[in-house]
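See structure below.
The values are calculated or read from the model by the stated rules, or taken from the named source; none is laboratory data. What you are looking at is a predicted structure, and each value in this text was computed from that prediction instead of being measured. So basically every Cβ, Gly included, is an ideal-geometry build from the backbone, and we count neighbours across all protein chains shown. Only protein heavy atoms, including side chains, enter the accessible area calculation; ligands, DNA and RNA are left aside. Shrake-Rupley method; radii C 1.70, N 1.55, O 1.52, S 1.80 Å.
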Amino acid sequence: MTVLSALKTVNLTLDGREIIAHEGDTVLEAALTAGIDIPRLCHDPRLKPVGACRLCVVEIEGERGLLTACTMEVAEGMVVETETDRLAAKRKTVLELILDDHRVTCPTCDKNGDCALMDYSYRYQADQFAFGGYKPGPVEPNFATGNKAIAFDPQLCINCGRCVRICDEVVMASALTFKMRAASVEVTTPFDMPLNETSCVLCGLCITTCPTGAMYDRAALGQGQIKDLEKVQTVCPYCGVGCTIELNVNRANNRIVRVTSQVGSVPNDGNLCVKGKFGFEYVHSPERLTTPLIKENGEFREASWDEALELAGRRLRELRDEHGPDSIAFLSSCRCTNEENYLMQKVARTAGATNNVDQCATTCHAPTVAGLAATFGSGAMTNAIDEIKDVDTLFIIGSNPTEAHPIIGLEMKKALKKGAKMVVCDPRKTWVAEHADIHIQHKPGTDNMLINAMMRHILEEELHDAEFVEGRCENFEAFSKNLQDYTVAEAAELCDVPAELIMRAAEMYAAGEPSSIFYTLGITEHTSGTENVQNLANLAMLCGQIGKRSSGVNPLRGQNNVQGGCDMGAMHGDFPGYQKVDDEVVRFKFAEAWGVDIPTNKGGRVTDFIEQAGDGVLRGFYVFGEDPVLSEPNQAKVIKSLENLEFLVCQEIFMSETAKLADVILPATSFAEKDGTFTNTERRVQRVRKAVEPPGQAKADWEIICLMSTAMGHPMSYDNAGEIFDEMASLTPSYGGMSFERIDEVGLQWPCPTPDHPGTGFLHAGSFTRGLGLFHEIRFREAAELPDDDYPYILSTGRTLYNYNIGNMTQKSDAIRQKQSKNFVEMHASDAERLGVANDDLVTVTTRRGEVTVKAVVGDRTRPGALWMPFHFVDQPTNRITNDAFDNITRTAEYKVCAATVKKSAEVPAAT
Amino acid sequence: MTDTMVESGPTISSPEDLASLRDQLAAAAEGRRRVLVCSTGCLAIGAREVEATFRSEVAAAGLIGEVDVVQTGCHGLCAMAPVAVIEPYDIVYGRNRVKYIPDVISQTVMNGDVIRRFCYGRDAAMAHVEDIPFYAHQTKRVLRNVGRVDPQRIDDAIQRGVYAAAGKALTTMAPDEIVEEVKASALRGRGGGGFPAGLKWEICKQNPGNDRYLICNADEGDPGAFMDRALLEGDPHSVLEGMIISAYAIEATKGFIYVRAEYPIAVRHIRKAIDEARERGLLGDNILGSGYSLDIEVREGAGAFVCGEETAMIASLEGERGMARPKPPYPAVRGYHGEPTIINNVETFANVPLIIDEGGGDHRLQGHQDLRPRRPGQQHRPRRGADGGDDPRHRLRRRRRNAPQSRVQSRPDGRPIRRMCARLPPGPPHRLRLAQGGRGDHGLRRHDRDGQHDVHRRHRPLLHRLLRR
Amino acid sequence: MTAVDLGPARAVLEDMAPVDHGLAIPLLQNIQDTYGYLPREVLLDLSSETGIPASHLFGLATFYAQFYLEEHGRHTVRVCRGTACHVRGRKIIQEAIDDELGIGPGETTEDRRFSLETVACVGTCFLAPVVMVDHDYFGNVDPKKVGEIMSGYE
Ligand SMILES: Cc1cc2nc3c(=O)[nH]c(=O)nc-3n(C[C@H](O)[C@H](O)[C@H](O)COP(=O)(O)O)c2cc1C
Ligand code: SF4
Ligand code: FES
């Protein structure tokens, strides 16, 4: 029973052609589907039609007057003319009236050639002076003056309202509005406030939807009009959503001028967030590394590729040979392509002869991979992004989607607009929390207590799906027995949440038709991370809320290609496609394909590597596109450990904090300078394309990895990324049916085992990957470090909308820096008052591991007694003070809970 | 924010209750002396002092309990403001002056003697309502209670028969039957569009929705229009009654009255009326024991003319900028919050109880302006024919220009304008330059004057040219 | 600029609770009744209290002619510019008001006693020209009577 087949169809005649349309479609939609291009200015398929511009008028038989096609619904037997002399005359007049209110600046306008108003004016030969012509007044400053991302020229604005509506309806930021009315109407912000002081989230959708040049990219102005540009379709380098973007490239100067996205693109439908839209400047940053560097006497000097590779390859080889394969390790990069991750683990296991390979999932979602694999059999988001809008009850726990995964946030907003209910469990008041039906603001680190109590309540009230539990799961007895130790009352006490809320949330989740769970690092970055994940899986199985459209357990992955990094087997225990290293058959397959013996050592995780480096066990380390100094907890210890290494080689695009410790640095390429694929959080494999030439001598990473392998004595070479992909696909059943040709336009979701397989939207339909779903008995365990008299606050870390990870990419963008460039700590007003701290005061946050001095953001987003800090900033880095306590299974650090104290700093805030 | 207290009275829980209450009230009112002071339009010209003086003089003369001083809506003779009517004689006095009020009380109120100076045309022969040509040639239907009831006392309305039709409709008729009656009556919307009301309701009912809504359009923004104001200020209960019946007919779950804020008196009166109706069981749950429940909310406009347009009004009710939305879909199909919604004008609703009373077919035969079906050539049926003449001495206070005289008239539609204007006071060279209809921009040209006045015909607005000449 | 007391606004909100999007206009009306205009701080506060975006409140406040974002006179004088009043000399009345108070439409006297506005037809055409002061109507207004009318308002 799919939704599509339920749609009734309607027959109508368009310009003499018989057309079949869906009931409820507008005449415009029906026409566009039929390839009839009705002119339109105020229409954007993402928005509710308003019929404001009246350019889309058509003649409908039997109707008086002209009707707007964008608002008129199709009806059986309707006869429509879309292009007649009368319509042309009418449209011409409409356009002439618009032109009379539009300063015609085409020669200097960025939009020249890409402007709907221009196209239609030409098509209908509208006369710009028909009503006298526009009389420009003085150019007044407006809300966008001085904003480095978005610029607005009211003299070009035709008041179609698309920017205002998209900001309101799609983004729900509602930063823009119309002021006044009739002839004096104007787009602006509340009280004409500067954009960055409003609720604007700098997504730039106002720019991409604007049919004229009125809203434009500030930085792109003068960098090239459409005739000078080439649009290269690729995938956003930021979060795991994996938006399809177009890099608008000016070949003349090898620069990306702006980023756009087409309506209809997967999975983002033309929507972007601030990072995808304005975060590309790092590609052209003067800080990019352009030549290989070798450290001599503590100083870096430029070197040739040959020299650097020879040194790096030789040193790793020597260490391996002298101290055994466990003395070297490889850290792969989830910011890089599948091909590169595939090669990295291949190099580790061939040239390196070790399973010491890992990537950043250990920092974030390793518990997901482990926990879901143990319960369901595969560790990935169970549903597709486009299913989110049809979820009835969104159950969001430890996740801040509107900031960390903004486009998934937009899908959730769609669901909300369709009437979905929302339960949010988060110690912090995020956007979703504030808009939730139920917000459980529990104490950080008490998730399992909460989930157990919910499940107990569901069982007691018999709200569970007994049939599903019976038919599709195992170990239910032991599981339900375990729950006997957890009552709602106890959980209410321990989590510090009203019992009533816990029960209502449980009921709401159980009752949803369907419900779906979404979680992020609030679940995984705990010493009980894997158990947390398993318990969410328990909850879904208990209620039968999995294995169907719009229903399942959905981890939202962090880095652009962390799904791919895991899929590619850049993990000590897995080959590509989660084929186990300790499975002899699998090992044999890869040994056969790669022509080497596959090492059988256990291998470790990045957190192990760092510890082992400190202990002198690990001696050589090849770090590719990661910066553990900033991303791993307890920074001082990390630095000390890495300094203890005998040889460190970094493959980087910037001089990162880790690279500063390296012996050799290899200049790498950004996503815009190479070909390959990324796999997004919904398991969709998408094409990444080279758009610009890399700076200086920088090389595509897959090439560098091959060269390194060769330098280590294991020759490796490929002609292009596609060749690597094909090799990988041939060895990886879930990717088996994919090729660059098949994913050229739109990516495919794994599993996709054969070339005719359409890909898989949601997992576990009918049965789980592992057969029966396995219930786990989860005991609640306290976080590793709890507040005490010396450190009375609980500190959690997290992401903001504007920045990404360690900030090295986002902070290169003027637009983003203007919005957010400094670390801060959020604290509750009651705590601030007690400490005499005011908003914007400098405060020092101290833990057992160190201190940072940052600005205080005082409010009610955190619980009293809780502190929250982002980890995006090099100055005063948050991970200087986080706790290096790890999940018992995946060794993911407990970033979400440590004990801290805070006091007003004596330092005076630097003038800004 | 009602500023007047709602008097409590017996709850009315069935049409029988209503009828017996009406009988009681009528018996009590029989032959009572009442001074009905216009307290709406005439407020602009001293009605408040007039009313206050009547009260204090009645008190001074020890007549409290014997003589009631009542604030009413507009009597129609606005040019004679401030106006008062003395019951039970039905004597109309205009240009009331505070200093003569003791005389009025002792002579007219107590004895029924006419004082000439306050009469229409200062002519004692025109002391009584029915003798004044201005009234004589009118057929008051929807305005029948205006000026006759205290709009702020529900008992007054009940005594005049208001809510009886609602009782009949809600307890003896099925919703669809009401729609059929309204269709049969050929009642056309009075808001300017002139769409047949019954047909609109039928369309609305054909659309499934979660809820249906009823909106009374009282935004009356057309310059020169004040019919809705007269009704809301003078007889709000009839408007409510019409809304209750209509809401029941379309099975609406909630009603709104959108009143422009420039009508503070109307806002006050309709709010009070709603509070009283709710208090007495005529609004709210289980109205008159019928099982039907409805509540009505008043929303004040905020100064945007365009909000009189129905889709703009809906936007405004939803809390948006009052921008018109393209039609179709019409509000009857997708209106307030996307649900089927009926918007009708105040006067349209005020007609509904009459239709229920008389039956749609009979009502149509009344040929009243409110009802004339849009069929060229059909004859209107005025109840009275010939002209009663006018008092030559009654002059309009003219200012600087030979300006139009204005007052609320209730006239059959389709009547030649020349005849309508014939009763303008004759005066210095009386050339008709402009006649403005009650609705919309109907500036009529001079040579249109022999044409028919059809509230639904669009005359070309030549206002400016006419004035320049 | 002195800080505006948010107390009365919170009281209005409490009175009207729960306030959602649909009640934004009545909310603004009540706020204006309370403060005499719509102070910026109040609107921003209401926005965060109710979740109605500040942009919506601002959009409404500028769309509807009755809302003022600037401090307004204690009394609002409205001169009807409907057809009847126009014909019967509202211009002259407006001039008389200007002579008396020294303000034109859209302006406020320095002592904040009066603001002057014009309004499209108040529906009292039979008494044209008509002037309203706050909620009171004055009909057949003579330029000579303007001073007298105004003296009734403090
Ligand atoms: C600009 C404009 C202003 C309008 N103003 C009013 C008005 O003030 N009062 C009114 O009843 N209808 C007004 N209308 C008509 C309404 O849109 C609508 O047709 C009417 O309320 C329907 O009620 P009816 O069928 O009872 O006439 C206006 C229409 C337009 C286009
Ligand atoms: S800025 Fe562009 S999108 Fe916004 S109203 Fe003006 S023309 Fe339309
Ligand atoms: S596109 Fe239909 S009116 Fe603008």
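Among the residues of region B:218-253, which ones are away from chain C (no Cβ under 14 Å) and not in a helix (DSSP H, G or I)?
Start the filter on region B:218-253 by keeping residues that are away from chain C (no Cβ under 14 Å), which leaves B:235-253.
Passing the criteria: B:Asp235, B:Glu251, B:Ala252, B:Thr253.
Looking at C:Ile52, is it under 21 Å from the mean Cα position of the chain (by Cα) and open to solvent by less than 20 Å² (accessible area, probe 1.4 Å)? Outline the logic, then answer.
Values: under 21 Å from the mean Cα position of the chain (by Cα): no; open to solvent by less than 20 Å² (accessible area, probe 1.4 Å): yes.
It is false that C:Ile52 is under 21 Å from the mean Cα position of the chain (by Cα) and open to solvent by less than 20 Å² (accessible area, probe 1.4 Å).
Do any helices (runs of 4 or more DSSP H) entirely within region A:78-176 hold 1 or more residues that are within 15 Å of ligand 2 (Cβ to nearest atom), at pLDDT 95 or above and within 37 Å of the chain's Cα centre (by Cα), and if so, which? Write out each step before concluding.
Values: elements: A:85-99, A:116-123, A:162-165.
So the answer is A:116-123, A:162-165.
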For region A:499-591, list the helices (runs of 4 or more DSSP H) that sit wholly inside it and hold at least 2 residues that are over 19 Å from A:Ile396 (Cβ atoms) and open to solvent by 20 Å² or more (accessible area, probe 1.4 Å); which are they? A:499-511
Could you grab me the full set of residues in region A:39-59 that are within 16 Å of ligand 1 (Cβ to nearest atom) and over 35 Å from the mean Cα position of the chain (by Cα)? A:Arg54
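Yes/no matrix, rows are residues, columns are (1) touching a His at 6+ places or on another chain (Cβ under 7 Å); (2) free of Cβ contacts under 8 Å to residues at least 60 places away in the same chain:
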{"position": "A:Ile158", "(1), (2)": "yes, no"}
{"position": "A:Val164", "(1), (2)": "no, yes"}
{"position": "A:Glu169", "(1), (2)": "no, no"}
{"position": "A:Thr177", "(1), (2)": "yes, yes"}
{"position": "A:Met180", "(1), (2)": "no, yes"}
{"position": "A:Val187", "(1), (2)": "no, yes"}
{"position": "A:Cys203", "(1), (2)": "no, no"}
{"position": "A:Asp217", "(1), (2)": "no, no"}
Being of a type in the set (Gly, Ala, Ser) and under 30 Å from A:Gln563 (Cβ atoms) narrows A:Gly222, A:Gly242 down to just A:Gly242
So which pairs qualify, if the first residue must be in region A:88-104 and more than 20 Å from A:Glu59 (Cβ to Cβ), the second must be open to solvent by 30 Å² or more (accessible area, probe 1.4 Å) and of a type in the set (Asp, Glu), the Cβ gap must be under 9 Å, and the two must be at least 6 apart or on different chains? A:Glu96/A:Asp127; A:Leu99/A:Asp127; A:Arg103/A:Asp153
Identify, from the list B:Val142, B:Val162, B:Val149, the residue that is modelled with pLDDT of 90 or more, at negative phi and outside any helix (DSSP H, G or I). B:Val162
Of the residues in region A:177-198, those that are open to solvent by 30 Å² or more (accessible area, probe 1.4 Å), facing chain C (nearest Cβ under 8 Å) and within 15 Å of ligand 2 (Cβ to nearest atom) come to A:Phe178, A:Lys179, A:Met180, A:Arg181
Under 7 Å between Cβ atoms, at least 6 apart or on separate chains: pull out the pairs that start in region C:47-68 with a residue that is more than 8 Å from every other protein chain (Cβ to nearest Cβ) and end on any residue that is assigned to a loop (DSSP other than H, G, I, E, B) and hydroxyl-bearing (Ser, Thr, Tyr). C:Tyr68/C:Tyr37
Filter pass, B:Glu297 being in contact with a strand residue (DSSP E or B) (Cβ under 9 Å, 6 or more places away or on another chain), at pLDDT below 95 and over 15 Å from B:Thr11 (Cα atoms): no
Residue that is modelled with the lowest pLDDT, among those in region A:890-912 that are assigned to a strand (DSSP E or B) and among the aliphatic types (A, V, I, L, M): A:Ala893
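Could you tell me which residue of region A:30-53 is most open to solvent (accessible area, probe 1.4 Å), considering only residues that are more than 14 Å from ligand 2 (Cβ to nearest atom) and within 15 Å of B:Arg325 (Cβ to Cβ)?
We begin by selecting, within region A:30-53, every residue more than 14 Å from ligand 2 (Cβ to nearest atom); these are A:30-39, A:45, A:48-49, A:51.
Filter once more, so that each one left must be within 15 Å of B:Arg325 (Cβ to Cβ): A:48-49, A:51.
Values: A:Lys48: 135, A:Pro49: 66, A:Gly51: 13 Å².
Here the answer is A:Lys48.
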Only listed residue being within 18 Å of A:Val263 (Cα to Cα), away from ligand 1 (no atom under 16 Å from the Cβ), of a type in the set (Val, Ile, Thr) and over 21 Å from the mean Cα position of the chain (by Cα), chosen from A:Thr188, A:Thr244, A:Thr234, A:Thr212: A:Thr212
Selected residue (criterion: least open to solvent (accessible area, probe 1.4 Å)) from residues of region B:254-266 that are more than 25 Å from C:Gly82 (Cα to Cα) and within 14 Å of another protein chain (Cβ to nearest Cβ): B:Phe256
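Given A:Cys163, A:Cys157, A:Cys167, A:Cys115, which one is closer than 21 Å to A:Gly224 by Cβ and buried (at least 18 other Cβ atoms within 10 Å of the Cβ)?
Details: A:Cys163 fails: closer than 21 Å to A:Gly224 by Cβ; A:Cys157 fails: closer than 21 Å to A:Gly224 by Cβ; A:Cys167 fails: closer than 21 Å to A:Gly224 by Cβ.
Of A:Cys163, A:Cys157, A:Cys167, A:Cys115, the one residue that is closer than 21 Å to A:Gly224 by Cβ and buried (at least 18 other Cβ atoms within 10 Å of the Cβ) is A:Cys115.
Looking only at residues in region A:124-173 that are over 30 Å from A:Lys417 (Cα atoms) and among the β-branched types (Val, Ile, Thr), which one is farthest from the other protein chains (Cβ to nearest Cβ)?
A:Val139
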Which of the residues belonging to region A:61-85 are buried (at least 21 other Cβ atoms within 10 Å of the Cβ) and facing chain B (nearest Cβ under 10 Å)? A:Leu67, A:Thr68, A:Cys70, A:Thr71, A:Met72
Quick check on this structure: which one of C:Leu28, C:Leu44 is hydrophobic (A, V, I, L, M, F, W, C), closer than 30 Å to C:Thr124 by Cβ and part of a helix (DSSP H, G or I)? C:Leu28
When both residues are 6+ apart or on different chains and their Cβ atoms are under 6 Å apart, which pairs have a first residue that lies in region B:315-330 and is more than 7 Å from every other protein chain (Cβ to nearest Cβ), and a second that is assigned to a loop (DSSP other than H, G, I, E, B) and open to solvent by 40 Å² or more (accessible area, probe 1.4 Å)? B:Ala315/B:Met323; B:Ala324/B:Glu309
Region C:118-152, residues that are open to solvent by 30 Å² or more (accessible area, probe 1.4 Å) and more than 9 Å from chain B (Cβ to nearest Cβ): C:Thr118, C:Pro143, C:Lys144, C:Lys145, C:Glu148, C:Ser151, C:Gly152
Could we say that B:Arg299 is away from ligand 3 (no atom under 16 Å from the Cβ) and either more than 26 Å from the chain's Cα centre (by Cα) or at positive phi (or both) here? no
Residues of region B:335-362 classified as under 25 Å from C:Val19 (Cβ atoms) and surrounded by fewer than 23 Cβ atoms within 10 Å (Cβ to Cβ), total: 3
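Conditions (1) in contact with a strand residue (DSSP E or B) (Cβ under 9 Å, 6 or more places away or on another chain); (2) open to solvent by 10 Å² or more (accessible area, probe 1.4 Å); (3) away from ligand 1 (no atom under 16 Å from the Cβ), marked per residue:
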position: B:Thr171; (1), (2), (3): no, yes, yes
position: B:Ala174; (1), (2), (3): no, yes, yes
position: B:Glu177; (1), (2), (3): no, yes, yes
position: B:Ala186; (1), (2), (3): yes, yes, no
position: B:Gln206; (1), (2), (3): no, yes, yes
position: B:Tyr213; (1), (2), (3): yes, yes, no
position: B:Asn217; (1), (2), (3): yes, yes, no
position: B:Glu220; (1), (2), (3): yes, yes, no
position: B:Met243; (1), (2), (3): yes, no, no
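Hey, can you tell me all the residues within region C:84-94 that are within 13 Å of another protein chain (Cβ to nearest Cβ) and not small (Gly, Ala, Ser)?
To start, the set of residues in region C:84-94 that are within 13 Å of another protein chain (Cβ to nearest Cβ) comprises C:84-93.
Answer for region C:84-94, where residues must be within 13 Å of another protein chain (Cβ to nearest Cβ) and not small (Gly, Ala, Ser): C:Cys85, C:His86, C:Val87, C:Arg88, C:Arg90, C:Lys91, C:Ile92, C:Ile93.
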Which condition breaks for B:Glu202 when tested against (1) surrounded by fewer than 19 Cβ atoms within 10 Å (Cβ to Cβ); (2) touching a residue at least 40 places away in the same chain (Cβ under 8 Å)? (2)
